[in-house]
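Colleague: Before we start, here is the structure in question, set down as structure tokens.
The values are calculated or read from the model by the stated rules, or taken from the named source; none is laboratory data. Everything quoted here is computed from the prediction, not taken from an experiment. Note that we place each Cβ from the backbone using ideal geometry, even for glycine, and neighbour counts take in every protein chain shown. Keep in mind that these areas ignore ligands, DNA and RNA; they rest on the heavy atoms of the full protein, side chains included. Shrake-Rupley method; radii C 1.70, N 1.55, O 1.52, S 1.80 Å.
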Amino acid sequence: MKLWNTNPAHGIRLTGGKGSALYDDQGRTYIDMFSGTWCNVLGYGHPRLRRAVEEQAQGLFQTGAAFGTRQVEEGLRQLASILPPELERAVFLNSGSEAVELALKMAHAATGKTGVVVAEKGYYGGTVYALSLSEAGRTASYLPKAGNVLRVAAPHCVRCDLSAECGDGEFPCMNVLEDLSPEEWPAAILYEPLLGGGILVPPIGYGARLKEFARSLGALFISEEVTTGMGRTGKWFGFQHENIVPDILVVGKAIGGGLPVSAVVTTKEVEERAVPVLGRHVQSHQNSPFSGRIAAEVIGAIRDEGLVERSERMGEYLLSGLREIQERFLCIREVRGRGLMVGAELTPEAASRGAGMSKRLVEKGFLQDFHQ
């Protein structure tokens with residue numbers, strides 16, 4: 001039997017890893033610049049995470065969602081320690097896509113509305129609903145239409161004809177939201193602090209303005225931090241760059257340190273509005289002791305090793321270095337990012353040869369993600 005070919009593969013057979021390095025069965029070493037699809041925030045083979053997995057393997061992995069465990073309680077304590085006090089209700093799940101689905105489900109239940117506002121170029125997950133909201137699934141003929149989706153222009157000010165009119169917290173790309181009738185008001189505004197469909201970095205104030213719109217439209221403001229959370233942008237969460245607090249926070253990828261853990265966190269008010277309508281939400285591995293233990297250890301390791309601060313510091317170094325390279329090579333159109341969530345955009349001509357460049361980087365020992 002062969003793996004179903006749902007994703008282009010490098011053709012590399014990996015055998016191990018340590019820190020940011022990976023090793024294949026031919027004895028070659030690679031630097032993983034994509035961090036295991038943004039999941040391995042502690043790198044490969046981190047002793048603290050490995051010890052936690054080994055210890056938990058001697059106890060409970062799975063109990064079902066109806067039981068409490070000290071591991072989940074500790075995971076909640078650690079999560080609360082890095083969040084604003086308003087965010088005091090949480091559930092542990094398995095994947096970011098799954099968490100996005102639950103967050104939207106809660107928003108629909110709490111508001112009684114069906115619409116969702118998203119930004120073009122956003123990526124919200126691979127499940128049917130999340131993908132249909134994402135740029136990647138926007139034109140997919142096999143997907144059912146999400147219905148009542150309003151897309152605002154991507155916050156890419158360098159490419160925006162209206163960018164000169166921005167300022168004082170005003171963003172013309174959002175003006176379409178001012179013209180909505182009450183019947184069109186959405187259940188949620190789904191906000192990515194950095195858009196995953198191209199590492200687009202909204203200007204400071206963009207998130208705060210979206211939250212203002214959410215309030216005026218009676219919608220819930222969801223910060224989708226599957227990729228941006230857990231220190232990736234130089235703060236624990238991307239919304240903290242804006243000094244705002246979301247109604248619902250979605251966390252995934254890095255909170256598991258490479259293992260399948262995600263979480264949805266919300267306020268007491270949203271929970272009380274949503275649960276009577278939502279009723280039960282039960283999935284097989286929801287709130288498993290394994291998830292709680294891993295989340296607690298990852299948060300503890302990030303804090304104890306100062307990795308959030310390191311992300312900010314090393315991100316500045318990386319961006320500075322890439323911009324120096326950009327000055328020497330005209331094929332690089334733009335370098336952008338925040339913290340260690342960084343991307344380089346090639347000119348259209350260079351991008352047409354990007355797959356070959358990506359292959360050459362792999363041959364040189366650098367694993368990365370290339371999108372055309």
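Colleague: Look through Arg360, Arg323 and report the one residue that is more than 27 Å from His10 (Cβ to Cβ), loosely packed, with under 15 Cβ neighbours inside 10 Å and either of a type outside the set (Asp, Glu) or at pLDDT below 90 (or both).
Modeller: Arg323
Colleague: Identify, please: which residue in the stretch 326-357 is over 25 Å from Glu309 (Cα atoms) and basic (Lys, Arg) and is, among those, most open to solvent (accessible area, probe 1.4 Å)?
Modeller: Checked the stretch 326-357; the qualifying residue most open to solvent (accessible area, probe 1.4 Å) is Arg328.
Colleague: Working only within the stretch 133-146, note down all residues that are in contact (Cβ under 8 Å) with a residue 24 or more places away in the chain and open to solvent by 40 Å² or more (accessible area, probe 1.4 Å).
Modeller: Glu135, Ala136
Colleague: On the given criteria, is Glu271 touching a strand residue (DSSP E or B) at 6+ places or on another chain (Cβ under 9 Å), open to solvent by 10 Å² or more (accessible area, probe 1.4 Å) and within 14 Å of Leu102 (Cβ to Cβ)?
Modeller: The answer is yes for Glu271.
Colleague: May I ask you to list the residues in the stretch 172-199 that are open to solvent by less than 10 Å² (accessible area, probe 1.4 Å), in contact with a Pro (Cβ under 8 Å, 6 or more places away or on another chain) and over 15 Å from Asp247 (Cα atoms)?
Modeller: Leu194, Leu195
Colleague: Follow-up question, since we're still on this one. Please find, among Arg360, Arg313, Arg323, Arg333, the residue that is farther than 26 Å from Gly96 by Cα, outside any helix (DSSP H, G or I) and either of a type outside the set (Val, Ile, Thr) or touching a residue at least 60 places away in the same chain (Cβ under 8 Å) (or both).
Modeller: Going through Arg360, Arg313, Arg323, Arg333 in turn, the sole match is Arg333.
Colleague: Within the stretch 51-62, identify whether any single residue is modelled with pLDDT under 95, aliphatic (A, V, I, L, M) and either farther than 30 Å from Ser181 by Cβ or open to solvent by less than 20 Å² (accessible area, probe 1.4 Å) (or both), and answer yes or no.
Modeller: So far as the stretch 51-62 goes, yes, one or more of its residues are modelled with pLDDT under 95, aliphatic (A, V, I, L, M) and either farther than 30 Å from Ser181 by Cβ or open to solvent by less than 20 Å² (accessible area, probe 1.4 Å) (or both).
Colleague: Given the options Glu120, Glu88, name the one that is of a type in the set (D, E, K, R), modelled with pLDDT of 95 or more, touching a helix residue (DSSP H, G or I) at 6+ places or on another chain (Cβ under 8 Å) and surrounded by fewer than 21 Cβ atoms within 10 Å (Cβ to Cβ).
Modeller: Only one candidate passes the filter, namely Glu88.
Colleague: In addition: Kindly indicate which of Trp4, Trp38 is of a type in the set (Phe, Trp, Tyr), farther than 28 Å from Glu225 by Cβ and within 26 Å of the chain's Cα centre (by Cα).
Modeller: None of the others qualify; the one that does is Trp4.
Colleague: Now for a different question. Name the pairs: first residue in the stretch 1-28 and over 18 Å from Gln368 (Cα atoms), second residue open to solvent by 100 Å² or more (accessible area, probe 1.4 Å), Cβ to Cβ under 7 Å, at least 6 apart or on different chains?
Modeller: Asp25/Arg13
Colleague: Then there is this: Can you tell me which residues in the stretch 205-233 are under 22 Å from Arg310 (Cβ atoms) and open to solvent by 10 Å² or more (accessible area, probe 1.4 Å)?
Modeller: Selection gives Val226, Thr227, Arg232.
Colleague: Another one. Only one residue in Gly16, Gly27 is farther than 18 Å from Gly256 by Cα and out of contact with any strand residue (DSSP E or B) (no Cβ under 7 Å at 6 or more places or on another chain). Which one?
Modeller: Gly27
Colleague: Looking at this structure, is Ala263 of a type outside the set (Val, Ile, Thr), crowded, with 24+ Cβ neighbours inside 10 Å and closer than 17 Å to Ala296 by Cβ?
Modeller: Yes: the conditions hold for Ala263.
Colleague: Only residues that are within 27 Å of Arg293 (Cα to Cα), modelled with pLDDT of 95 or more, β-branched (Val, Ile, Thr) and open to solvent by 60 Å² or more (accessible area, probe 1.4 Å): list them for the stretch 9-50, please.
Modeller: Listed by number, the list holds a single entry, Thr15.
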